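Peer 1: Once you've had a glance at the structure underneath, I'll fire off some questions.
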Amino acid sequence: MADSKDVNDSAGDNREATVSGKKSGHASLLDSGEDFEMLENMDDNVDEDLPPLEDAGGGKKATKPDANADQAPSTEPEWLDVLGNGQLRKKVLEPGTGPDTRPQRGQNVTIHLKTTLTDGTVVEEQPNLSFTLGDGDVIQALDLTVQLMETSEKALVEAGAKYAYGALGSSSPAVPPDADLTLEVQLLSTADAPDLELMSPSEKINLANRKRERGNVHYQRGDYAFAVNSYGIALQITEASSRVDISQQEEDELLDMKVKCLNNMAAAQLKLDHYDAALRSCVSVLAHQPDNVKALFRKGKVLALQGEVAEAIRTLKMALKLEPSNKTIHAELSKLVKKHSEQKGAEQAMYKKMLGNPTNASVQKHRAKSSWGLSWKWLFGATAVAIGGVALSVVIAARN
């Protein structure tokens, strides 16, 4: 059972459902392991119009009239370097309704998006793309720039590959590897995220599943930090308290979704070498489902990586008992058994060395004991012969 089997692809390589307050749409996704950067409101830098220099001499001097003196200041919008590294720039094409209408992280937004390559090739156009701002539901370029936009604002965004689809590119939409993008974005609406406590169980399950699938896409692209984030959001949804009635079947479905998220999270945490966190995720799964093979297998792997080889072997044997034909568990268990045997052999050799080769000492002691026993027997026999000889001499003398 390979880790990659636990993470299922969702509707293409890089396209998945995202969520808004009342409806869901489809969003592009980001290949970047970096955390989102919180940006303060930034104003465009505008060069001040400086008066023409006057002659510093004492007399008057004819000056050449300024050709631009009667011209109005340029109204060409300027580019905003969002991150200060030149990899993400934003320019306002049409102003919005005011700074107080800018969306906040955690709110649901709907945008009109047109994506093109730098050569002008149109990649895709989505008239009503909805997503939760800051959840990583879309490429990072959108998550970072939309929060700087006002409602109804239309902007042009130049995104380096790092903040788009990265080195892998995308098959849907068709984006080559390491491709820079130009995004034409208009913020259509902003709404608060729905209250999880008032959502029906089926709505919670669907929303959590979309976030989980988002994490799956991140995982498949090797973006494990973002995968953990998406799985964590899905878990929060499944664990949220509810003010509405819920049936036993719906409760079981929510628990099943929670277990899937925990299992996938453990896989991503293993990839990040976060062993303690991965172990906690596995233990949480086993608390609900003690016979969950995936959780047992990953727990065994984590224990082995932490040096608890004997405990890891016991855990993997439990998993193998549940799935005797699983080749992945067989291979992992065989590897650990061999490793454990080698460790025991190395420990025994170390103990022998520390004790000065106790085996040879025992042999020498046994030989010494045997030699002493032989000497004692020889001495006893010689004494008996001597005593016998004296007695015989006395008897002969008496007869004479």
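Peer 1: What is the number of the single condition among (1) of a type in the set (Gly, Ala, Ser); (2) modelled with pLDDT of 95 or more; (3) touching a helix residue (DSSP H, G or I) at 6+ places or on another chain (Cβ under 9 Å) that Ala310 does not meet?
Peer 2: Single failed check for Ala310: (2).
Peer 1: Follow-up question, since we're still on this one. Does the range 278-292 include one or more residues that are over 23 Å from the mean Cα position of the chain (by Cα) and open to solvent by less than 50 Å² (accessible area, probe 1.4 Å)?
Peer 2: no
Peer 1: Is it true that Ser170 is of a type in the set (S, T, N, Q), surrounded by 15 or more Cβ atoms within 10 Å (Cβ to Cβ), closer than 26 Å to Thr118 by Cα and free of Cβ contacts under 8 Å to residues at least 60 places away in the same chain?
Peer 2: Against the criterion (of a type in the set (S, T, N, Q), surrounded by 15 or more Cβ atoms within 10 Å (Cβ to Cβ), closer than 26 Å to Thr118 by Cα and free of Cβ contacts under 8 Å to residues at least 60 places away in the same chain), Ser170 does not qualify.
Peer 1: Within the set of pairs 6+ apart or on separate chains, which have a first residue in the range 280-291 that is hydroxyl-bearing (Ser, Thr, Tyr), a second that is in a helix (DSSP H, G or I), and C-beta atoms under 6 Å apart?
Peer 2: Cβ pairs passing all conditions: Ser281/Leu262; Ser281/Met265; Ser281/Ala266; Ser284/Leu262.
Peer 1: Something else about it: Hey, can you tell me all the residues within the range 188-214 that are open to solvent by less than 50 Å² (accessible area, probe 1.4 Å) and closer than 17 Å to Gln248 by Cα?
Peer 2: The answer is Met199, Ser200, Pro201, Lys204, Ile205.
Peer 1: For the range 106-178, which fully contained strands (runs of 3 or more DSSP E) count at least 2 residues that are touching an Asp or Glu at 6+ places or on another chain (Cβ under 9 Å) and under 16 Å from Arg89 (Cα atoms)?
Peer 2: Fully inside the range 106-178 and qualifying: 108-117, 154-159.
Peer 1: Just one of (1) open to solvent by 20 Å² or more (accessible area, probe 1.4 Å); (2) in contact (Cβ under 8 Å) with a residue 40 or more places away in the chain; (3) in a helix (DSSP H, G or I) trips up Asp100, so point out which.
Peer 2: Result: Asp100 passes all but (2).
Peer 1: Could you tell me which numbered condition Lys301 fails, if it satisfies all but one of (1) touching a helix residue (DSSP H, G or I) at 6+ places or on another chain (Cβ under 8 Å); (2) exposed (fewer than 15 other Cβ atoms within 10 Å of the Cβ)?
Peer 2: Status for Lys301: all satisfied but (2).
Peer 1: Which of the residues spanning the range 107-118 are at pLDDT 95 or above and either over 25 Å from Glu213 (Cβ atoms) or open to solvent by 30 Å² or more (accessible area, probe 1.4 Å) (or both)?
Peer 2: Within the range 107-118, Gln107, His112, Lys114, Thr116, Leu117 qualify.
Peer 1: Just checking, which of Val123, Val146 is over 12 Å from Thr182 (Cβ atoms) and surrounded by 18 or more Cβ atoms within 10 Å (Cβ to Cβ)?
Peer 2: Val146
Peer 1: Okay, next question. Given the conditions (1) touching a Gly at 6+ places or on another chain (Cβ under 6 Å); (2) over 30 Å from Arg102 (Cα atoms); (3) not charged (D, E, K, R), report the number of the one that Leu254 does not fulfil.
Peer 2: For Leu254, the failing item is (1).
Peer 1: Could you tell me whether any residue of the range 220-235 is open to solvent by 50 Å² or more (accessible area, probe 1.4 Å) and closer than 21 Å to Val109 by Cα?
Peer 2: Taking every residue of the range 220-235 in turn, at least one turns out to be open to solvent by 50 Å² or more (accessible area, probe 1.4 Å) and closer than 21 Å to Val109 by Cα.
Peer 1: Could you check the range 132-184 and list, in sequence order, the residues that are of a type in the set (A, V, I, L, M) and closer than 15 Å to Leu80 by Cα?
Peer 2: Those that are of a type in the set (A, V, I, L, M) and closer than 15 Å to Leu80 by Cα: Ala141, Leu142, Leu144, Val146, Leu148, Met149, Ala155, Leu156, Val157, Ala159, Leu183.
Peer 1: Still on this structure, please answer the following. Give me a count of the residues in the range 236-258 that are of a type outside the set (A, V, I, L, M, F, W, C), part of a helix (DSSP H, G or I) and open to solvent by 50 Å² or more (accessible area, probe 1.4 Å).
Peer 2: Result for the range 236-258: 9.
Peer 1: On to the next question. List pairs: first in the range 320-342 and without any contact (Cβ under 8 Å) to a residue 12 or more places away in the chain, second open to solvent by less than 70 Å² (accessible area, probe 1.4 Å), Cβ under 9 Å, 6+ apart or cross-chain?
Peer 2: Once the first residue is without any contact (Cβ under 8 Å) to a residue 12 or more places away in the chain and sits in the range 320-342, its partners that are open to solvent by less than 70 Å² (accessible area, probe 1.4 Å) give Lys327/Met1; His330/Leu320; Lys335/Ala304.
Peer 1: Oh, and also: Would you check if there is a residue in the range 201-223 being in a strand (DSSP E or B) and not aromatic (Phe, Trp, Tyr)?
Peer 2: no
The values are calculated or read from the model by the stated rules, or taken from the named source; none is laboratory data. Since the model is a prediction, treat every value here as computed from it, not as a measurement. All Cβ positions, glycine included, derive from the backbone under ideal geometry; neighbour counts span all protein chains shown. Areas reflect the complete protein model, heavy atoms only, side chains present, ligands, DNA and RNA absent. Shrake-Rupley method; radii C 1.70, N 1.55, O 1.52, S 1.80 Å.
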